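Right, one structure below, let's go through it.
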Amino acid sequence: MNATRRITGLTAALVSVTLVDACHKTPPAQPAPAVAPAAGPNADSARRAQEEAARRAAEDAARRRAADSAAAAAAAARDAASAAEALRTALTAMVHFDYDQSDLRPEDRAILDAKVPILTANPTVVIQVAGHTDERGSDEYNLALGQRRASSVKAYLVQHGIADSRIQTISYGEERPMAQGTDESAYQQNRRAEFVITGGPQTLRKP
Amino acid sequence: MKVFVRGAGLTLVAGLALTAGAARAALAQDTTFRGITLIGNYDPTRDKISVAVLAVSGAFGDSLRAIVQRDLDFSDRFTILPVEGGDADAARTGGAGSGLNYSIFKQLNAAAVIQMTSMPTGIHVALHDVAKGQVVNVGDFALPATGLTREWRMAVHRTSDEIARWMTGQRGMAATRIAYIRGSGKAAAIRIIDSDGAGEITVPTDENGISPAWHPSGTMLAYSTYGDVGSRIVLFDLATANSRTLTKAPINVQYITPNFTPDGTSILYARSGENGSDIYAVGLSGNDTPRRLTVGRGAENASPTSSPDGRRIVYVGNAEGSPQLYVMDADGTDARRLTEYDFSDKNYRSDPDWSPDGRLIAYQEKIGPNFQIRTIRATGGAPKQLTSEGVNEQPSWAPDSRHLVFTSTRSGVRQLWVLDTETFRMRQLTTSAGARLGAWSARLTQ
């Protein structure tokens, strides 16, 4: 259940990135109205009036263009920030494990797969993977199990082309539970690997 | 007042040993019983000796008597007879300092009477053999001038342990402390508590400290750190309160479960990294090159603990599936699984501790949903289950190889409890919630 929810969340994040991309393009400026040549006895005054109208129309158009462009720039900045945030969310999304296991489940491999292009597009980013366990095993042996989980995650990312030196592994064993409680729901949330971005630029680049 | 005496023939005859020196000499020849000789089928693991501890005059006399009574009681080898101060005076045949009226103590079924007298620098102790009607052992014990301090209490505990040795040939284990972890997360701290639950202190632990272990001398603790603060093995000197990092793990590696070797020169620990966890040994000098003892090939080997002769090591490993106990030689050769294991079962066995007498290994095993404490002979065989109520974990032997401290949820939250493995008597040691990972010290000489 949790895994399904996680995937849905991730998909939503990716969809929002795509929508944001569509909004980046500045709308085309309105063309100025065409001015028709004047004729007749009042041609001069009529021409002047037309010229004045054309000038005002051009000025209005320029003002509209400026306003549109400023709004577009602000929107683009907002969109870039939220896109970067979405990338950060994807890069730090947790993976979970079965009891006493460090094997990666298919849904968790998908979560790691989403991190690979982000890490590739941001080659100076360094991450820390922290392995956690539920409380059911030995307090001390769980430190080893947490380390194994972090190492399992790292091995997967390295297999997919991320440099070994960019991923640091640590273990918290059962010492930092995400959920309190002594039921399977709490245990499931606690058997996890967490990701922290420890180095690289503040704003992540899109893959 | 009803007095509980086990067995039919607990009649005392004359003590063989009139001095502590003679008692020690006799101890070398016979390990069953010494100091006071009992006639009949006395079984030191089941039968308790009935003891009366007389009131003590002078400053802190009441505390001194109460501590000695409790120490003897907690050793689970004595029944303490409730004798009021007035009874003791009435028991005397004459004025102060005269002999005891042994017939009264015979009626109480007391086998021994302990008489303590305050002295300028400590206490004078006389052990009376009731059946024989005479003093069979005496000793003077120094006490710190300031009463009720941690040091004073420990000196009284040492006195109790010597009195226990006079009566049974085996020293008590009251003069000991238990190091443990209290709390979790960033609030976790190493604490040290006396064996009777008094005198608790907090060790200034580095962040994320876990797995405290005693140096055999009782003067130093080792522990490991984990997580984002970096993993290290830290040595804490109890006399100076100085910490020093013995060794710092490289990146992507955690050092876990440190334990001293019985000679006190090295630490055994597990190095947990990208190729599983393996057991290493490193000297205490700080520039010793660690020696690798296991080759796990991706498995997790951890929680090493030495046999008391230092020749073998028991540890937990999962090379065959779920965590099991293995025993190997101290150089890492000849590893053999100690616990019986069917490939299909999911038994989880961990946290071994080798008894100081070398006979037994205590550990935790999943029985149903919960861990329970078990012991198994160091040579293998059928295990013995010692607990069944709540979750019971992390056993650590007392120096008498008879009592265990362990973590239990039987009161609702994790606390340390002490179990007598002979009588199954339990007592709660800690009262602050979240106590765990208890480690029982050797007998402390300071």
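Sequence-distant contacts, meaning Cα pairs under 8 Å at least 6 residues apart, place the relative contact order of chain B at 10 percent. Could you compute the net charge surrounding residue B:67? Neighbours are other residues with a C-beta less than 14 Å from the C-beta of residue B:67; K and R count +1, D and E count -1. With Lys, Arg at +1 and Asp, Glu at -1, the neighbours total -3. Simple point charges give the picture: +1 on the Cβ of Lys and Arg, -1 on the Cβ of Asp and Glu, and for region B:177-440 a dipole about the Cα centre of about 240 debye.
Of B:51, B:405, B:125, the residue with the greatest mean-square motion in the GNM of chain B, using alpha carbon springs below 10 Å, is B:125. Exposure proxy ranking for B:167, B:220, B:154, A:178, based on other Cβ atoms within 10 angstrom of each Cβ and starting from the fewest, stands as A:178, B:220, B:154, B:167. With R₀ fixed at 22 Å, the C-beta to C-beta distance from residue A:205 to residue A:158 puts the FRET efficiency at about 0.55. Ignoring the sites themselves, chain B has its longest run without GluC sites (Glu not before Pro) in a DSSP loop having at most 12 other Cβ atoms within 10 Å at B:85-206.
Partners of residue B:366 within straight-line reach, counting lysines whose Cα lies under 21 Å from its Cα and excluding those fewer than 8 residues away in the same chain: B:346, B:384.
In region B:148-301, the alpha-carbon atoms span a convex hull of 134 Å³ per residue.
Between region B:252-274 and region B:412-427, the alpha-carbon centres lie 28 Å apart. Expressed as a fraction of 2.2 N^0.38 Å, the C-alpha radius of gyration for chain B is 1.05. Cβ-to-Cβ counts within 10 Å put A:171, B:50 in ascending order as B:50, A:171, the fewest first.
Residue B:427 to residue B:202: FRET efficiency via 1/(1 + (r/R0)^6), r the Cβ-Cβ distance, R0 25 Å, to the nearest 0.05?
0.65
In chain B, the sites counted are chymotrypsin sites (Phe, Trp or Tyr not before Pro) in DSSP loop states with at most 16 other Cβ atoms within 10 Å, and the longest stretch holding none of them, exclusive of the sites, is B:5-340. Each of B:278, B:351 was scored by other Cβ atoms within 10 Å of its Cβ. Listed from fewest to most, they are B:278, B:351.
Per residue of A:169-179, other chain Cβ atoms within 10 Å of the residue Cβ number 5 on average.
Across region B:295-300, computed HN-Hα scalar couplings (Karplus, 6.51 cos²θ - 1.76 cosθ + 1.60, θ = phi - 60°) run 10, x, 6, x, 7, 9 Hz from first to last residue, x flagging Gly and Pro. Taking every residue in A:145-154 and counting other chain Cβ atoms within 10 Å of its Cβ, the average works out to 5. Distance distribution note for region B:297-446: the fraction of Cα pairs above 22 angstrom is 38%. For residue A:206, go through the aspartates and glutamates and keep the ones whose alpha-carbon is under 17 Å away, minus same-chain ones fewer than eight residues off. Cα-Cα hits under 17 Å: A:21, A:79, A:85, A:113. If you build a Gaussian network model of chain B, linking Cα atoms that sit under 10 Å apart, which residue out of B:53, B:229, B:83 swings the most? For chain B, modelled as a Gaussian network with Cα springs under 10 Å, the answer is B:229. Its residue count N sets the reference 2.2 N^0.38 Å, and the alpha-carbon radius of gyration of region B:162-249 equals 1.27 times that reference.
Below 8 Å, C-alpha to C-alpha, sequence gap of six or more: please give me the relative contact order for region A:95-199 in percent.
In percent, rounded to a whole number, it is 40.
Beyond 18 Å, the tail of the calculated P(r) for region B:384-446 holds 30 percent of the Cα pairs. Other residues with beta-carbon under 14 Å from the beta-carbon of residue B:235 carry, at +1 per Lys or Arg and -1 per Asp or Glu, a net charge of 0. Within the shell defined by Cβ-Cβ distances under 12 Å, the residues around residue A:139 carry a net charge of -4, with Lys and Arg each +1 and Asp and Glu each -1. Summarised as an ellipsoid, region B:177-440 has semi-axes of 25, 24, 17 Å, derived from the eigenvalues of the Cα gyration tensor scaled by 5 and square-rooted, with the largest first.
Excluding same-chain residues fewer than 8 positions from residue B:186, which aspartates and glutamates have a Cα within less than 12 Å of its Cα? The reachable aspartates and glutamates, counting only those whose Cα sits under 12 Å from residue B:186, are A:175, B:206, B:207, B:228.
Remark: region B:130-140, residue by residue, has Karplus-estimated 3J(HN,Hα) of 5, 4, 7, x, 7, 6, 10, 7, 9, x, 10 Hz, where x stands for each Gly or Pro and the curve is 6.51 cos²θ - 1.76 cosθ + 1.60 at θ = phi - 60°.
Where does the Debye-calculated log10 I(q)/I(0) of region A:95-199 sit at q = 0.19, 0.24 Å⁻¹, using only Cα point scatterers of equal weight, no solvent? Rounded to two decimals, the profile gives -0.87, -1.25. Here, region B:89-227 has an Rg and a Dmax of 20.7, 69 Å when only alpha carbons are counted.
Taken together, the values in this text are just the output of simple stated rules run on the coordinates, not laboratory data. A quick note: this is a predicted structure, and the numbers were derived from the prediction, not measured. Glycine gets a Cβ as well: all are built from the backbone with ideal geometry, and neighbour counts include every protein chain shown.
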